[in-house]
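Report on the structure given below.
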Amino acid sequence: MATLLRGVLRPLYAFRGGPGPPAGVPFRAVSHGTGLLYPEHIPTSVLQKVLLAAGSAGMALYDPYRHDMVAVLGETTGRRTLKVLRDQMKRDPEGAQILQERPRISLSTLDMGKLRSLPEGSFGRAYLHFLDVNVASGRGMTRVSPDTRAPTRFVDDEELAYVIQRYREIHDMLHALLGMPTNILGEIVVKWFEAVQTGLPMCVLSALFGPIRLSAQSLQLLISELIPWAVENGRRAPCVLNVYYERRWEQPLQALRQELGITEPPLRVEGLV
């Protein structure tokens, strides 16, 4: 029995073992007979995936800021949905180009000097402002950086692994597009938008159970104002994975929002928890 448990839990030990490779490392098949499909890939059985999904779901519900557990949950439950998203990208010219070129978003790939040189009102400047505001922890805020996204480990398909990695790496850009901070309320609103957009189980779970930690006032605002707005925008917008954001820095933020059908949020949520 002990041997069986060690075999089942071994992937989780490996997951906890290190930070992973730099985000500049491309997703390409590099198995060379080792059974690994991409950097940091950890092959897992069906039983291991079930246990990882159950454990990560419990931890994510207990602490929504455990992004490592949210990442594991997404990788172990979203294979079917990732295939749908991958197919949507293949059918779109810009999405297909992203799949072909496999761009990565990290501090090593971002030209921060260029972003700072962009005019106010551009998408790139709005994204930079988001990073400047949220790069350090504040009251009720999450510390964020392009390098804080966990590497994909448990998806047993190299192309699908890139799709979920790309989803993680554009998450902060969605915050900037939607005008949402990284406090609890802002994260929940973005998760509702992502749940409608992607259908990923982890997004749906976070959207449904994230509000349990909100105050009564914030919960009322979420239900009456913010969820309807996020759902409407999520339904109206085309697949956000089909936007080559790195080539849209100079585009005015309002023009990009208009292109995607994203409207201004109904209220400001800074300071609300």
Taking the stretch 37-66 and the residues there that are more than 22 Å from Glu159 (Cα to Cα), assigned to a helix (DSSP H, G or I) and touching a residue at least 60 places away in the same chain (Cβ under 8 Å), the one that is nearest to the chain's Cα centre (by Cα) would be Ala60
Hey, could you check the stretch 95-120 for residues that are open to solvent by 50 Å² or more (accessible area, probe 1.4 Å) and either within 20 Å of Thr198 (Cα to Cα) or not in a helix (DSSP H, G or I) (or both) and say which is modelled with the highest pLDDT?
-> Gln97
Which numbered condition trips up Gly18, out of (1) open to solvent by less than 40 Å² (accessible area, probe 1.4 Å); (2) modelled with pLDDT under 50; (3) under 19 Å from Leu73 (Cβ atoms); (4) not β-branched (Val, Ile, Thr)?
-> (3)
Assess whether Pro238 counts as being assigned to a loop (DSSP other than H, G, I, E, B) and either open to solvent by less than 30 Å² (accessible area, probe 1.4 Å) or farther than 22 Å from Ala71 by Cβ (or both).
-> yes
Considering only the stretch 121-134, state which residues are of a type outside the set (Phe, Trp, Tyr) and either open to solvent by 20 Å² or more (accessible area, probe 1.4 Å) or modelled with pLDDT of 95 or more (or both).
-> Gly121, Ser122, Gly124, Arg125, Ala126, His129, Asp132, Val133
Restricting the first residue to the stretch 247-268 and requiring it to be in contact (Cβ under 8 Å) with a residue 40 or more places away in the chain and acidic (Asp, Glu), which pairs with a second residue that is open to solvent by 20 Å² or more (accessible area, probe 1.4 Å) and part of a loop (DSSP other than H, G, I, E, B) meet a Cβ separation below 7 Å and a spacing of at least six or different chains?
-> Glu264/Gly179
By residue number, the members of the stretch 247-267 that are surrounded by 14 or more Cβ atoms within 10 Å (Cβ to Cβ) and modelled with pLDDT under 95 are Pro265
Considering only helices (runs of 4 or more DSSP H) fully contained in the stretch 157-226, which possess at least 2 residues that are within 19 Å of Asp147 (Cα to Cα), in contact (Cβ under 8 Å) with a residue 12 or more places away in the chain and open to solvent by less than 10 Å² (accessible area, probe 1.4 Å)?
-> 158-169, 171-178
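The values are calculated or read from the model by the stated rules, or taken from the named source; none is laboratory data. Not measured: the values here are computed from a predicted model. In this analysis, Cβ positions are derived from the backbone assuming ideal geometry, glycine residues included, and neighbour counts consider all displayed protein chains. Ligands, DNA and RNA are excluded from the accessible area calculation, which covers all protein heavy atoms including side chains. Shrake-Rupley method; radii C 1.70, N 1.55, O 1.52, S 1.80 Å.
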